[in-house]
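The values are calculated or read from the model by the stated rules, or taken from the named source; none is laboratory data. Here the structure is a predicted model, which means the values were calculated and not measured. FYI the Cβ positions are ideal-geometry reconstructions off the backbone, even for glycines, and counts take in every protein chain you see.
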Amino acid sequence: MEPFYYKDGILFAEEVSLTDLAMQVGTPCYVYSRGAIEEAWRSYDEAFGGRDHLVCFAVKANSNVAVLNILARMGSGFDIVSMGELERVLRAGGKAENIVFSGVGKTEAEMRRALEVGIGCFNVESEQELYRLADVAADMGMVAPVSLRVNPDVDPKTHPYISTGLKASKFGIPIDHAGAIYEHARSLGSIELRGIASHIGSQLTSIDPFIDALERVLALVGELSDAGIELKWLDLGGGLGVRYYDEQPPEPSRLVVSLMDRLQEMGSRYQRMRVIIEPGRSIVGNAGVLLTRAEYIKPGEIKSFVVVDAAMNDLMRPALYDAWQDIVPVNKDLERETGVYDVVGPVCESGDFLGHDRELSVASGDLLAVMSAGAYGAVMSSNYNTRPRAAEIMVDGNQFHIIRRRETVDDLLAPESVLPA
């Protein structure tokens, strides 16, 4: 489906006018399409056919409990990286046994809580983490289900900040060292070796790095099998990209089919393994927009600016990654002078921008939509400059629901206190 489209010159989300929505809830605000989220998740799930699998949504992409609840209702699993994300999934109705816990810095408290609720698997990312988890599980009189996350040293050809599968990355265990750690792990009575995991990066636009990583991981699985270590789970991670500008990522179904075809070609010994995949951005990225209103038009000798009411604290990607996201008028039929502008926010930083050198027909008071903002948008927002975070809205057909109310300054100040007199 096309969740955002123009009708009579007005940008709509499903069947809701974004002009009307902004009048009722204000700006800035994030707007998501329920239909687009559901369709994207199904495109992964259905592509597996009868293969034993689990699609685990990467919670870090968008952790709003309403988003998680929609996916939980569909039977989704979840990939988490903190105890906070664990609690969000549980409150959203996610099943603990369908949760995989990734991340390089799991604390003892996080391990205990995850064991207590019965998560499906820990993706262990270092030898020391394995030993800590074994001690925690033994102390609780439990057995911890474990996959080792291996680093296959595959270049995903993406931004260095979101590249996670190279030797220089902090993530995972070097694949050349993993065999010895598996050997030692099977002697630990409080550890159950459930599988193997790999994730090479985010915003990938080619299938080739996924296939390369799969082949390297399966080679290790074969070696472990020969040594008597039989793994049941094969976690292939996530990272499929979306179109922000001119990228041409493959469809999720094509990625899944390509991986399963290659898995089939690699031999029958791998067919018994349950396949796990952890998409995030490709499920929610293009299912959301950030609505913002132009406050001022500021012409200059070298640069001209549209100053809007959203800022880097609301959408961090442009400042953090120099990321490009399309910015369009909500009402495209208004008679406006066209110019080339930097779209900037009110935060007191030169890095506070949503887009550089955009050709726009815009005037003060107009609504703009920053497209493809469903992933790593609201979830990365902050209160810098004591700015309350934006509201989040879910559109469902011709209705919309406020799924996170706009913060107030009182909300921000409530946890703080002055010193005694």
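Within the group ARG293, ARG336, which residue is out of contact with any Phe, Trp or Tyr (no Cβ under 9 Å at 6 or more places or on another chain), free of Cβ contacts under 8 Å to residues at least 60 places away in the same chain and of a type in the set (Lys, Arg)?
Residue meeting the stated conditions: ARG336.
Here's a check for you: in region 1-54, which residue that is hydroxyl-bearing (Ser, Thr, Tyr) and more than 28 Å from LEU259 (Cα to Cα) is surrounded by the most Cβ atoms within 10 Å (Cβ to Cβ)? Out of the qualifying residues, it is TYR32.
Restricting attention to region 77-111, the residues that are surrounded by fewer than 22 Cβ atoms within 10 Å (Cβ to Cβ), free of Cβ contacts under 8 Å to residues at least 40 places away in the same chain and outside any helix (DSSP H, G or I) add up to 8.
What tally of residues in region 62-76 results from selecting those that are out of contact with any Lys or Arg (no Cβ under 8 Å at 6 or more places or on another chain), closer than 16 Å to ILE403 by Cα and part of a loop (DSSP other than H, G, I, E, B)? Total satisfying the criteria: 1.
For region 347-368, the set of residues classified as assigned to a loop (DSSP other than H, G, I, E, B) and buried (at least 16 other Cβ atoms within 10 Å of the Cβ) consists of VAL347, ASP352, VAL362, ASP366, listed by residue number.
Test GLY237 against the stated conditions and say whether it is farther than 30 Å from GLN325 by Cα and of a type in the set (Gly, Ala, Ser).
Details: farther than 30 Å from GLN325 by Cα: no; of a type in the set (Gly, Ala, Ser): yes.
No: the conditions fail for GLY237.
In the set (1) more than 30 Å from VAL347 (Cβ to Cβ); (2) surrounded by fewer than 24 Cβ atoms within 10 Å (Cβ to Cβ), PHE57 fails one condition alone, (2). Do we have TYR32 as touching a residue at least 60 places away in the same chain (Cβ under 8 Å) and under 20 Å from the mean Cα position of the chain (by Cα) here? So TYR32 passes the test. Beta carbons closer than 8 Å, at least 6 apart along the sequence or on distinct chains, pair a first residue in region 8-21 that is farther than 16 Å from GLY288 by Cα with a second that is part of a strand (DSSP E or B) for GLY9/ASN331; ILE10/SER17; ILE10/ASN331.
For region 50-76, filtered to residues that are touching a residue at least 24 places away in the same chain (Cβ under 8 Å) and more than 17 Å from the chain's Cα centre (by Cα), the residue that is farthest from GLN264 (Cα to Cα) is MET74.
Restricting attention to region 285-313, the residues being under 18 Å from TRP324 (Cβ atoms) and part of a helix (DSSP H, G or I) number 2. The single condition among (1) at pLDDT below 95; (2) assigned by TED's automatic domain parsing to the domain that holds VAL362; (3) within 28 Å of the chain's Cα centre (by Cα) that GLY239 does not satisfy is (2). Taking region 233-259 as the range and being buried (at least 18 other Cβ atoms within 10 Å of the Cβ) and in a helix (DSSP H, G or I) as the test, the residues that pass are PRO252, LEU255, VAL256, LEU259.
Here's the yes/no breakdown for (1) of a type outside the set (A, V, I, L, M, F, W, C); (2) over 16 Å from THR292 (Cβ atoms):
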| position | (1), (2) |
| --- | --- |
| ASP326 | yes, no |
| ASN331 | yes, no |
| ASP366 | yes, no |
| ALA369 | no, no |
| ALA378 | no, no |
| ARG389 | yes, no |
| LEU419 | no, yes |
